[in-house]
Amino acid sequence: MGDFVIPKPENGAIIQSFHAAHPRVFHVLGNHDMDEGYSKDSVAKALGMPAFYYSSDLDTIKLIVLDGNDPGGPTKQGIYDSFIGPRQQSWLINELEMAEKPVLIVSHQPIAGIYPIVNSEEIQSILSRFSSKILLAINGHAHVDQHIEVGGVNYVHINSASYYWVGEKLEHESLSPEIHENHPSLKFTCPYLDPLFALLTVDPKSRKISIHGRKTEWIGPSPLELGYAILSESEQKIYLQPQISKRKI
C-alpha cells in the first residue's frame, strides 16, 4: 500500500524478491516512493504498475487502487501532495457504477480517519454513494491501527511494518550506535521490535472481512512517553500502538 521502495538501482533486488514471492502483485503509489527526485512515472515503471490508479478483477471481488498523490489540492501535507483530483474521481465513479462484484478499495493516503487526504470528505461522499458495493477501504501512510466507519463504508488503517515517525524535535536513539550511524533517519522514529503484517480474508458471499494482525513492542520509548502530541492522549493510547489488530468487519 505504498512507501514500498525508492526505485534506485540498489533497490532492484527488493522489487524482484517481492514479485517472485507472489503469483499476483499489486502496488500502490506512496508519497515516499518518489523521494530522492524520482517521478511517478519512474516508480510505476519500476514496480510494473499498469497505471497510477487502476482496477483489477480478483475472480470474486473487484480491486480498485487509488492514487492519493494527485497535484492541485487546496493544501499540502508537508511537502507532499495528498489529493485525489477530478479526473481520477470521474474514473472512480465509473468503476464503481460498472462494478458487479464486491469492491475492495486500496490507497496509500487515508480517505477517512487520522491524517486523511485534503479532500477526504469529497471522496468519502463518492464512496458512500456506492456503500452497498464496497466491502472495505484500506490504506497505509499514517502508521496507526484504526478502524472507522463513515457513511456506510468501513475504513481500516494498516499499520507500518516497522516504525512510527515522531520527527526531529523528538530525536532520540533506541538502537545501537552503529545502526544509527548507518541509518540517520531512525533517530526520528519509534521502531517496532518485530515487523508487522496482516492477513486479510474476504468472504464475498457473506460480505464479511477478517483481519488477522500481529502485535509487537516498542524498542525504546513510545511516542506517548516521548511527549508526542499530534493526537490526544486517549487517541494515542488506542491508535498509536505497535500492532495491527485482529478485526471482523
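The values are calculated or read from the model by the stated rules, or taken from the named source; none is laboratory data. Nothing here was measured: the structure is a model prediction, and the numbers come from that model. As a convention, Cβ positions derive from the backbone with ideal geometry for all residues, glycine included, and neighbour counts pool all protein chains shown. Protein only, heavy atoms only, side chains kept; ligands, DNA and RNA dropped before computing areas. Shrake-Rupley method; radii C 1.70, N 1.55, O 1.52, S 1.80 Å.
Points worth noting:
- Test: residue in segment 143-152 that is at pLDDT 95 or above, in a loop (DSSP other than H, G, I, E, B), under 18 Å from the mean Cα position of the chain (by Cα) and over 17 Å from LEU196 (Cβ atoms): no
- Taking (1) of a type in the set (A, V, I, L, M); (2) open to solvent by less than 70 Å² (accessible area, probe 1.4 Å); (3) at pLDDT below 95 in turn, VAL106 satisfies each apart from (3).
- Meets criteria (of a type outside the set (Asp, Glu) and in contact with a Phe, Trp or Tyr (Cβ under 6 Å, 6 or more places away or on another chain)) for ASN31: yes
- Yes/no for VAL166 being over 16 Å from ARG214 (Cβ atoms), open to solvent by 20 Å² or more (accessible area, probe 1.4 Å), touching a helix residue (DSSP H, G or I) at 6+ places or on another chain (Cβ under 7 Å) and aliphatic (A, V, I, L, M): no
- Residue in segment 196-206 that is under 18 Å from the mean Cα position of the chain (by Cα), modelled with pLDDT of 95 or more and open to solvent by less than 50 Å² (accessible area, probe 1.4 Å) present: yes
Residues are listed down the side, and each one gets a yes or a no for (1) modelled with pLDDT under 95; (2) crowded, with 16+ Cβ neighbours inside 10 Å; (3) within 16 Å of the chain's Cα centre (by Cα):
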| position | (1), (2), (3) |
| --- | --- |
| SER17 | no, no, no |
| PRO23 | yes, no, no |
| ASP33 | no, yes, yes |
| SER39 | no, no, no |
| TYR53 | no, yes, yes |
| LYS62 | no, yes, no |
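- Residues (of a type in the set (Val, Ile, Thr) and either over 17 Å from the mean Cα position of the chain (by Cα) or within 30 Å of SER176 (Cα to Cα) (or both)) located in segment 207-249: ILE209, THR216, ILE219, ILE230, ILE238, ILE244, ILE249
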